[in-house]
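No lab work stands behind these numbers, since they all come straight from the coordinates. Nothing here was measured: the structure is a model prediction, and the numbers come from that model. Ideal geometry is used to build each Cβ from the backbone, glycine not excepted, and the neighbour counts take in all protein chains shown.
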Amino acid sequence: MNVVDIINKKRKKQELTTEEISYVIKNYVDKKIPDYQMSALLMAIALNGMNERETVDLTTSMLHSGNQIDLRMIPGIKLDKHSTGGVGDKTTLILAPIVAATGINVAKMSGRGLGFTGGTIDKLESIPGFKTALTFDQFTKQISHIHVAVASGTKNLVPADKMMYALRDVTGTVESIPLIAASIMSKKLASGADKFVIDVKVGNGALMKNLEDAKKLAHLMVHIGRIHQKETICVLTNMNQPLGSAIGNALEVQESMDVLQGKGPMDITQLAIVLAIQMVRLGKNISEEEATEEVRKVLMTGMAYEKFKEWIQIQHGDLGKLTVSSKIVSIKSKQNGVISHIDTERLGELTRQLGAGRYTKEDVIDPTVGIKIEKKIGEFVISDEELAKVYVGEKDINVNDILECFTISEHFFDNEPLILDIIKD
Ligand code: URA
């Protein structure tokens, strides 16, 4: 077998065999195929696609490129949740304790920020003392004990994805449906949970810019899950504006606590509840109505918030020491009108510039900085009214850059729905 023939085949829009896909992944991870040949193949896939069978084979080959976590020693069904990445997306921090409070095991390996989107591990590490590097033993014991653990991924979990993602990031091949599906599902399958709920973000702050592509991605991931006997549900959600109001690590932890205490923004609260219902439904094999009742109960009685505090404490986090910057710059509107558009990706990027994200692996995050959105799409604003607050640290940003992220119209503008679809098959 020869990698040049395989690249040529995909360039000519031909189907790759199971053996060819496995050959490429194995030899790339073994460093026998260089980055430049892998880049050419990734570009051919990004341009010419892969069918369902090829994508399943790619996922399986990637899954077998490293270790797989075996969680079978923990009794009961283990659930995992994933998001394709958004701005202000702190749902894991809210969902994990809600679902764990109903008695379901939440076993979650999370990542750090990627590009303009934040990562759950960075958010959790903004809590002083919080330990994300758990040993396998600590991870499983904690799940058995309190039903929830969130840890940073181990080194040898899907090495093919680590290498391919880094390459895709710099070769314009991130936005490819088969490559995204294989990347996400290989990691989920390797992480050892039994069932998955995946939040597929759609909009100007997401990888999937339109609903049609998001549906294709969702159906593909549900199919891959089914082939591996792991039930998967995809919830398609709007990412045309940041989720909730906080963007930035410690600010997002604060907002998550607000949601768990019933005083958070509507959209993030609604999303967390919808995702939690799907997880509880899957975890307990019950109807949607029964799952809704369970979620309602743990939120209304404060059990979910208590579980959050217990979880943070067991991973050594000290919520009393959570700090946000005290240097706050107010961004004010220069006109009257209705917010018709928010450039979500740009806001995510500006938050990264403030120091909330990284440009190189070595960059150190400032957990105290971020942006709080005070006006969302569809809301009225008058001249000199506040649109956002910027929590500034060492790095300054231009106030006008943030102002330009908001488009203000003279006409009424309907807010868009948050939950766009739920795909189960
Ligand atoms: N998230 C992933 O884990 N992989 C992708 O390819 C895109 C989003």
From phi via Karplus (6.51, -1.76, 1.60), per-residue ³J(HN,Hα) for the stretch 245-250 in Hz, x at Gly/Pro: 10, 8, 10, x, 5, 5
To the nearest 0.05, how large is the calculated FRET efficiency for K32 and K284 if R₀ is 35 Å and r is the Cβ-Cβ distance? 0.15
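For the pairs K131/K162; K321/K376; K188/K263; K108/K309, flag any whose C-alpha to C-alpha distance is greater than 26 Å. Mind dumping the intermediate values first?
Values: K131/K162 22 Å; K321/K376 30 Å; K188/K263 32 Å; K108/K309 17 Å.
Cα-Cα > 26 Å for K321/K376; K188/K263; rest within.
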Put one equal scatterer on each alpha carbon of the stretch 176-325, apply the Debye formula with no solvent term, and list log10 I(q)/I(0) at q = 0.11, 0.13, 0.18, 0.19 1/Å to two decimals. -0.52, -0.73, -1.27, -1.33
Can you give me the distance in nm between label points at K230 and Q261, each placed 7 Å from the Cα along the Cα-to-Cβ direction? 3.6 nm
The FRET efficiency for S144 and E394, from their Cβ-Cβ distance with R0 = 25 Å and rounded to 0.05, is 0.05
Which value at 222 nm does the chain reach when only helices count, each DSSP H run of 4 or more adding -39,500 (n - 2.57), with the total divided by all residues and rounded to the nearest 500 deg cm²/dmol? -13500 deg cm²/dmol
Low-density loop cleavage sites - trypsin sites (Lys or Arg not before Pro) in the stretch 51-118, where at most 15 other Cβ are within 10 Å (DSSP): R72
Estimated distance in nm for a label pair at E19 and D414, the labels positioned 7 Å out from Cα along Cα-to-Cβ: 5.6 nm
Antiparallel DSSP beta bridges within the chain, as percent of all bridges there, nearest 5: 50 percent
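Once you have the alpha carbon radius of gyration of the chain, what is it after dividing by 2.2 N^0.38 Å, with N set to its residue count?
0.98
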Mind ranking 173-183, 237-247, 222-232 by how tightly packed they are, going by the mean number of other C-beta atoms within 10 angstrom, highest first? 237-247, 173-183, 222-232
Whole-Hz ³J(HN,Hα) from phi, Karplus 6.51 cos²θ - 1.76 cosθ + 1.60, for the stretch 333-340, glycine and proline x: 5, 9, 8, 8, x, 10, 5, 10
Relative to 2.2 N^0.38 Å, what does the C-alpha radius of gyration of the stretch 78-320 come to as a ratio? Two decimals please. 0.94
Of the chymotrypsin sites (Phe, Trp or Tyr not before Pro) in the stretch 322-425, which ones lie in a loop per DSSP and count no more than 11 other C-beta atoms within 10 Å? Y359, F412
Measure of compaction for the stretch 328-409 (Cα Rg per 2.2 N^0.38 Å): 1.13
How large is the convex hull of the C-alpha atoms of the stretch 152-256 per residue, in Å³? 128 Å³
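Taking the Cα centre of the stretch 328-409 as the origin, how large is its charge dipole in debye, to the nearest 20, when only Lys and Arg (+1) and Asp and Glu (-1) carry charge on their Cβ atoms?
The dipole magnitude comes to about 120 debye.
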